[in-house]
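Participant: Sharing a structure, written as structure tokens. Questions coming.
The values are calculated or read from the model by the stated rules, or taken from the named source; none is laboratory data. Just so it is clear, the structure is predicted and the values come from calculations on it, not from any experiment. We place every Cβ from the backbone using ideal geometry, glycine too, and count neighbours over all the protein chains shown. SASA here: full protein model, heavy atoms, side chains in, ligands and nucleic acids out. Shrake-Rupley method; radii C 1.70, N 1.55, O 1.52, S 1.80 Å.
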Amino acid sequence: MTGRLAVIGLGPGEARHRTAEAEAELAAAEAIYGYGPYVDRVADRPGQMKIASDNRVELDRAGAALAHAARGGRVAMVSGGDPGVFAMASAVCEAIERGPAEWRSVDLAVVPGVTAMLAVAAACGAPLGHDFCALSLSDNLKPWSLVETRLTAAASAGFVIALYNPISRARPWQLGAAFDRLRTVLPASVPVIFGRAVGRPDERVVIATLGEADPQSADMATLIIVGSTETRIIARPDLPPLVYAPRSAGGA
Ligand code: SAH
């Protein structure tokens, strides 16, 4: 008998940001797998088992959930934000590709969620309203030289850039190096948005410029949006500024 595995995006913060589909899948699951803090965000339900694991063991966690589903279980795997953006859906696909044949028969559903860059953008206007891209600054699973190549290419091509995983205790210097690299391509006046814990009670959004952007303003719960030369800022009396990308680009 083969069961079901739903890989669910919980959105950036509180339950009100979750989709109805995510809530329905959570309610139907007999077991919830995931990184501890994400599993904690799911309300306890009688009869539902929670299996929390450490951040670094994504493939093991994916394998355990797939094995459970392959035995006939109805299983959920939770991620913050969207499960397909620097998160568990890729680990589950990798595990299926490498794992035993019966894992390919599991009924797999990837349930999207509001990813951090969309929540941060919505909190300050429309900075992703035209062409943009997203990069993870983590060099755990890719060489730093590739991050630098991509930063230069994206900024040179005029993309607004969303930076996930900007800094951590194990990766203290990378964000400063990324800003330095971007300063070689972009003017100092380009807006930089630091969105921390967006959608949670301790949400904080700070708007700076590339020239003054301080890596110490970010932590692991921060998503950074680096604007382009086309990004606009509108000052408003008694309200935070609006940051947006005009609908046209390149002089059109
Ligand atoms: N799957 C997640 C991203 C996981 S990578 C998503 O789609 O959002 C983890 C990174 O996401 C963090 O280092 C941070 O850059 C960003 N992030 C996650 N939740 C956030 C939030 N509520 N506010 C700001 N950034 C967040």
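To keep it simple, each residue is scored yes or no on (1) in contact with a Lys or Arg (Cβ under 7 Å, 6 or more places away or on another chain); (2) closer than 24 Å to D219 by Cα; (3) within 16 Å of the ligand (Cβ to nearest atom).
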site: G36; (1), (2), (3): no, yes, yes
site: E58; (1), (2), (3): no, yes, yes
site: A62; (1), (2), (3): no, no, yes
site: A69; (1), (2), (3): yes, no, no
site: V110; (1), (2), (3): no, no, yes
site: M117; (1), (2), (3): no, yes, yes
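Participant: Given the options F179, F132, name the one that is over 19 Å from G250 (Cβ atoms) and away from the ligand (no atom under 12 Å from the Cβ).
Facilitator: Testing whether each residue is over 19 Å from G250 (Cβ atoms) and away from the ligand (no atom under 12 Å from the Cβ) leaves just F179.
Participant: Okay, moving on. Being of a type outside the set (S, T, N, Q) and over 18 Å from P37 (Cα atoms): is that true of A67 here? Full working, then the answer.
Facilitator: On the way: of a type outside the set (S, T, N, Q): yes; over 18 Å from P37 (Cα atoms): yes.
Here the answer is yes, as A67 does meet what is asked.
Participant: On to the next question. Which residues, taken from the range 72-108, are β-branched (V, I, T) and either more than 16 Å from the ligand (Cβ to nearest atom) or assigned to a loop (DSSP other than H, G, I, E, B) (or both)? Reasoning before the result, please.
Facilitator: Looking only at the range 72-108, we keep the residues that are β-branched (V, I, T), and these are 75, 78, 85, 92, 96, 106.
Of everything in the range 72-108, those that are β-branched (V, I, T) and either more than 16 Å from the ligand (Cβ to nearest atom) or assigned to a loop (DSSP other than H, G, I, E, B) (or both) turn out to be V75, V85, I96, V106.
Participant: Give the residue that is farthest from L239 (Cα to Cα), with candidates limited to residues of the range 151-165 that are open to solvent by 10 Å² or more (accessible area, probe 1.4 Å) and within 16 Å of the ligand (Cβ to nearest atom).
Facilitator: N165
Participant: For residues that are surrounded by fewer than 20 Cβ atoms within 10 Å (Cβ to Cβ) and not in a loop (DSSP other than H, G, I, E, B), scanning just the range 136-150, find the one that is nearest to the ligand (Cβ to nearest atom).
Facilitator: S136
Participant: Given the criteria open to solvent by 20 Å² or more (accessible area, probe 1.4 Å), within 23 Å of L135 (Cα to Cα) and modelled with pLDDT under 95, does V85 qualify?
Facilitator: Here the answer is no, as V85 does not meet what is asked.
Participant: Does the range 236-245 include one or more residues that are within 16 Å of the ligand (Cβ to nearest atom) and touching a Phe, Trp or Tyr at 6+ places or on another chain (Cβ under 6 Å)? Explain how you work it out, then say what you get.
Facilitator: The first filter runs over the range 236-245 and keeps only residues within 16 Å of the ligand (Cβ to nearest atom), leaving 243.
With touching a Phe, Trp or Tyr at 6+ places or on another chain (Cβ under 6 Å) added as a condition, the list becomes none.
Within the range 236-245, none of the residues are within 16 Å of the ligand (Cβ to nearest atom) and touching a Phe, Trp or Tyr at 6+ places or on another chain (Cβ under 6 Å).
Participant: Taking only pairs six or more apart or across chains, which ones have beta-carbon atoms under 6 Å, a first residue in the range 54-66 that is without any contact (Cβ under 8 Å) to a residue 60 or more places away in the chain and closer than 19 Å to R104 by Cβ, and a second residue that is of a type in the set (V, I, T) and crowded, with 21+ Cβ neighbours inside 10 Å?
Facilitator: A62/V92
Participant: Going by what's in this entry, would A52 be described as of a type in the set (G, A, S), open to solvent by less than 30 Å² (accessible area, probe 1.4 Å) and either more than 26 Å from P166 (Cβ to Cβ) or not in a helix (DSSP H, G or I) (or both)?
Facilitator: Against the criterion (of a type in the set (G, A, S), open to solvent by less than 30 Å² (accessible area, probe 1.4 Å) and either more than 26 Å from P166 (Cβ to Cβ) or not in a helix (DSSP H, G or I) (or both)), A52 does not qualify.
Participant: I'd like the full set of residues that are open to solvent by 90 Å² or more (accessible area, probe 1.4 Å) and at negative phi, limited to the range 236-252.
Facilitator: Step one: of the range 236-252, the residues open to solvent by 90 Å² or more (accessible area, probe 1.4 Å) are 237-239, 247, 252.
Hits for the range 236-252 are P237, L239, R247, A252.
Participant: Related question: Determine whether the range 59-71 contains at least one residue that is open to solvent by 70 Å² or more (accessible area, probe 1.4 Å) and closer than 23 Å to A20 by Cα.
Facilitator: Within the range 59-71, not a single residue is open to solvent by 70 Å² or more (accessible area, probe 1.4 Å) and closer than 23 Å to A20 by Cα.
Participant: Still on this model: The conditions are (1) in contact with a Phe, Trp or Tyr (Cβ under 8 Å, 6 or more places away or on another chain); (2) farther than 30 Å from L59 by Cβ; (3) not acidic (D, E), and A162 fails exactly one of them. Which is it?
Facilitator: Unmet for A162, out of (1) in contact with a Phe, Trp or Tyr (Cβ under 8 Å, 6 or more places away or on another chain); (2) farther than 30 Å from L59 by Cβ; (3) not acidic (D, E): (2).
Participant: Among the residues of the range 195-218, is any open to solvent by less than 10 Å² (accessible area, probe 1.4 Å) and more than 16 Å from the ligand (Cβ to nearest atom)?
Facilitator: Checking the range 195-218: at least one residue is open to solvent by less than 10 Å² (accessible area, probe 1.4 Å) and more than 16 Å from the ligand (Cβ to nearest atom).
Participant: Also, quick follow-up: Quick one: which of E102, E97 is acidic (D, E), without any contact (Cβ under 8 Å) to a residue 12 or more places away in the chain and open to solvent by 70 Å² or more (accessible area, probe 1.4 Å)?
Facilitator: Checking each option against the conditions leaves just E97.
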